[in-house]
1. Relative to the compact-globule scaling 2.2 N^0.38 Å, provide the ratio for the alpha-carbon radius of gyration of the stretch 180-314.
2. Quick one: which residues, 5+ away or cross-chain, put their amide H under 5 Å from the amide H of VAL196? H built at 1.01 Å from N.
3. What 222 nm value per residue comes from the helices of the chain, counting each DSSP H run with n ≥ 4 as -39,500 (n - 2.57) and dividing by all residues, nearest 500 deg cm²/dmol?
4. Order 200-212, 76-88, 365-377 from most to least packed using the mean count of other Cβ atoms within 10 Å.
5. Roughly how many Å is it from the Cα centre of the stretch 31-87 to that of the stretch 388-460, as a whole number?
6. On the principal axes of its Cα set, how long, how wide and how thick is the stretch 76-117? Give whole Å, largest value first.
7. Ignoring ligands, DNA and RNA, please state the percent of accessible area on the chain from carbon and sulfur, probe 1.4 Å.
8. Taking LYS8 as the anchor, which lysines have their alpha carbon closer than 22 Å to its alpha carbon, excluding any fewer than eight residues away along the same chain?
Amino acid sequence: MSEIEDYKNKLFFEPKNGYDRLESGERLALESYCEDYKAFLTASKTERLAVRECVRLAEERGFVPFSAGMELKAGDKVYRVNRGKAIYLAVIGKKPLAEGCGIAGAHVDSPRLDLKPRPLYEDGEMALLKTHYYGGIKKYQWVTIPLELHGVVALKSGETVDVSIGAEPDDPKLVITDLLPHLSADQYKKSVRDFVPAENLNIVAGSVPYTGEGGDRVKLAVMSLLNDRYGITEEDFLSAELEAVPSYDAVDIGLDRSFIGGYGHDDRVCAYAELRAMLDIENPERTAVCILADKEEIGSEGTSGMQSLAFERFIDELCDTQGAKRRDCFANSLCISADVCNAFDPTWPEVSEKRNSAMVNYGVTLCKYTGHGGKSGTNDADAETVAALRRIFDGAGVVWQTAELGKVDQGGGGTIAMYMSRRDIATIDAGVPVLSMHAPFEVVGKLDCYMTYKGIRAMYENY
């Protein structure tokens, strides 16, 4: 090697494909982790289902529900569910909480179609369900695909009824219809945004009329089926949370099986990485905290979103067990806002600036900032926080990269990072690059999934 090439290697930085950097035997661990993640994703198609699956897995590993006043010692494992749609977990560290926590925060909600408060109607002797889309979607992607319906109906009696249609092998699926090409002359003139109007995202629910005379007999027949199965009436829709989601199991993609395809990678791929890291650690130096929040796709609002004070309450009550103050805990903590980013797509290169794009198979991606042009609506992590993650990741053999969210002024988006940093917590975004983000069927690289888990675990164990 020439002197100048040696000098280039010393001074230049050139990222490398993660498969060329795997440690001996790590490929088997990667594949095993991804099989477990696929099972989690298939079981967690809504935020409520994800939280239930998290509780099941956590309790298998010795986690117990946390309540104010509990006596805790180093190594204890606790969790708290927030209204069935978010969850916080902690493994108590050896150091006092006043010296801070290692925190990772993701979200378990994903773009979907919610049923309206009065969804069921009949037209053309068909029963249909009206929807209101949740989060940023391309509406045309949601027609002519199999759908499932999940959620809860809260009755006036105080009882809550779980609803699940389409998940079991013998269950019927649901669908939204589209125009045939032969009659789409006017539709073709519309912009992509208006190609499928939001009010046309109506789910086909049935067509067989109830026996007898009169109007709305198909609606009655469908309502009768729901009443027989769940004991609900039409009025009960007013206090229901019912979500239509794609009926896809997580599967391997590619001839080499290097990708995972499924619904809800954003952001359950990072949520699982956090959870699994939390389940796998023992006796960390600082208390490790896992946040799986709701409502990120619509601004982290509401009692189960990251802007809620429910997280403060959880930390307050943990701190009370040691006589610590939350403000000291937060000021000395480090947080990974574990959220996905866009992967460079060679089919659509024009929206990315390749030198600063996340590449599939290049590992967990650090995003110093997200937001929109001019860095509005973002956390913009300081240099010291970036350096801290570089040190932790390199020390643990984590394959990682850096990226920003597409070209400047091309678009943008946000995460929970700015809500964490608002609490005086040093925060940075890090997560898995995703192809076809927010589509009903997203794609991620297996190596990136595993390295996100490995990176979060390294932060829990080494901060």
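1. Ratio of Rg to 2.2 N^0.38 Å for the stretch 180-314: 1.60.
2. TYR140
3. Working: 10 runs with 123 residues, N = 463.
For the chain, the value works out to -8500 deg cm²/dmol.
4. Packing proxy ranking, top to bottom: 76-88, 365-377, 200-212.
5. Centre-to-centre distance over Cα atoms comes out at 21 Å.
6. For the stretch 76-117, the Cα extents along the three principal axes come out at 48, 16, 14 Å.
7. Within the chain, the accessible surface is 51 percent carbon and sulfur.
8. Excluding near neighbours in sequence, the set is LYS16, LYS354.
The values are calculated or read from the model by the stated rules, or taken from the named source; none is laboratory data. Note that this is a predicted model, so its numbers are computed, not measured. Cβ sites come from the backbone with ideal geometry, for glycine too, and all protein chains shown count toward neighbours. Note: accessible area is taken over every heavy atom of the protein model, side chains too, but ligands, DNA and RNA are not part of it. Shrake-Rupley method; radii C 1.70, N 1.55, O 1.52, S 1.80 Å.
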